[in-house]
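Below is one structure, written out as structure tokens, with a few remarks after it.
Computed from the coordinates by the stated procedures, all read-outs in this text should not be read as laboratory data. If you're wondering where the values come from, they're calculated on a predicted model, not measured in any experiment. In this analysis, Cβ positions are derived from the backbone assuming ideal geometry, glycine residues included, and neighbour counts consider all displayed protein chains.
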Amino acid sequence: AFSGYVLSYDNSGNGLWVNQVTNNGQSTDAVNYDGTYWYATNGPVITKVSAADNQTVAWQVAINNGGRGFYPTWTDLNGGFLYTIATANDTGSNNSFLIVKIDAGTGNLVWARSVECPGPNQWEWYGHRDIAVAGDVVAFTGYAFPVSGGPSQQVVGRVPTDGSGVGRTFGPFTYTAVTDLTVAPTSQPGTGYASFGDPSSLNTPTVLRT
């Protein structure tokens, strides 16, 4: 099973420390840094770790999408908030993209929105999703393909950081509010902080390009 790790190297590639923050079967999908804290995203779990000692967990929260599936996420940190995007199962077999805004200071949910195609089983969201925030705009992208067959489409959209604009459309897709998503404290059974070399297999990184 996958676990979530935050690892640190110096400029020469020497391992400094490793912190296992989750053991939930999800790999680490994104890591953000604000100069004081690390934010590790592992599927629906986000962990805030102090950069001062690399081991103190300020908070750890889990996103519950109303009991529906919630797949690996990408995050962007901007203006004291985390913005995360994920693929999620809706009723039936069609998927939607979820965009979730979380207060980086507290881990509390600010708002949750969905980008989906009205009606059951029309489109499926796929991978290659990403999210970025600039000013008061949240930009996102991802692939979608028709369940009935046919070529996939690259979807690119932008919405306000305040979560307004509900009801806006992107071609066949609609931007809607999500009312049954929750963000709640959790405690994953990770092994926590260790000096590098524990686990020893992580001590030497593989150099892919020089």
Using packing as a proxy for protection, rank 40-50, 164-174, 7-17, 131-141 so that the peptide with the highest average count of other Cβ atoms within 10 Å comes first.
-> 40-50, 131-141, 164-174, 7-17
With a Förster radius of 35 Å, plug the Cβ-Cβ distance of residue 168 and residue 106 into 1/(1 + (r/R0)^6) and report the FRET value to the nearest 0.05.
-> 0.80
